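Some notes on the structure that comes next.
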Amino acid sequence: MAIATIKPLFTTKSVATGGRNGVSKADDGSVSVTLSVPKEMGGPGKPGTTTPEHLFATGYAACFCGALDFAAKQAKKDATGAEVTCAVSIGPREGGGFGLAVRMTVVDGKIPTAELKELVEQAHTVVCPYSHATRDNVDVQFDVQGA
């Protein structure tokens, strides 16, 4: 598969130092986090710290929620009340190293489940850049709960 080229609308930069036990921050100061390896992964799990998986889950949930809203507007539906929860797991891969798995829960009490599933599929396959980036690389599963 060829890499898609884009016409950048927005670019942001972040700098990380110290890896999983360091600091990561956006160059514009909008985000600054202290990182710590969780106890489940053999680290100290320091209170008040985060992980790259937290950041990925937060970004993917926000981006997918926006993609769902976009897909809904295209279909003349209103998904502004949808709630998207993104759970990101990390673990060893069969081929060595580590990999991610994602479970996305999408809830909207105003849109019938069948219609919401169609909008989720559209958002995932056509709209969301996080979904494009993870496709064929990360196991992404959906739990969709509509009206």
>> Given the condition surrounded by fewer than 16 Cβ atoms within 10 Å (Cβ to Cβ) and part of a helix (DSSP H, G or I), answer yes or no: does some residue in region 21-31 qualify?
In response: yes
> For Ala101, all conditions in the list (1) surrounded by 13 or more Cβ atoms within 10 Å (Cβ to Cβ); (2) in contact with a Leu (Cβ under 8 Å, 6 or more places away or on another chain); (3) of a type in the set (Gly, Ala, Ser) hold save one; what is the number of the exception?
Replying inline: (2)
> Of (1) open to solvent by 70 Å² or more (accessible area, probe 1.4 Å); (2) in contact with a Cys (Cβ under 9 Å, 6 or more places away or on another chain), Val84 satisfies all except one. Which?
Replying inline: (1)
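Out of Ala61, Ala67, Ala57, report the one residue that is open to solvent by less than 70 Å² (accessible area, probe 1.4 Å), in the same structural domain as Pro92 (by the TED database) and touching a helix residue (DSSP H, G or I) at 6+ places or on another chain (Cβ under 7 Å).
Values: Ala61 fails: touching a helix residue (DSSP H, G or I) at 6+ places or on another chain (Cβ under 7 Å); Ala57 fails: touching a helix residue (DSSP H, G or I) at 6+ places or on another chain (Cβ under 7 Å).
Answer to the selection: Ala67.
Condition check ((1) outside any strand (DSSP E or B); (2) closer than 24 Å to Thr51 by Cα) across all residues:
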{"site": "Lys77", "(1), (2)": "yes, no"}
{"site": "Gly81", "(1), (2)": "yes, no"}
{"site": "Gly91", "(1), (2)": "no, yes"}
{"site": "Val106", "(1), (2)": "no, yes"}
{"site": "Lys110", "(1), (2)": "yes, no"}
{"site": "Glu118", "(1), (2)": "yes, no"}
{"site": "Thr125", "(1), (2)": "yes, no"}
{"site": "Ser131", "(1), (2)": "yes, yes"}
> Do you know which residues across region 1-20 are small (Gly, Ala, Ser) and surrounded by 10 or more Cβ atoms within 10 Å (Cβ to Cβ)?
Replying inline: Ser14, Ala16, Gly18, Gly19
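The values are calculated or read from the model by the stated rules, or taken from the named source; none is laboratory data. This structure is a prediction, so every number in the text was calculated from the model and none was measured. Don't worry about glycine lacking a Cβ; one is built from the backbone with ideal geometry, like all the others, and counts go over all protein chains shown. All accessible areas refer to the heavy atoms of the entire protein, side chains included, with ligands and DNA or RNA removed. Shrake-Rupley method; radii C 1.70, N 1.55, O 1.52, S 1.80 Å.
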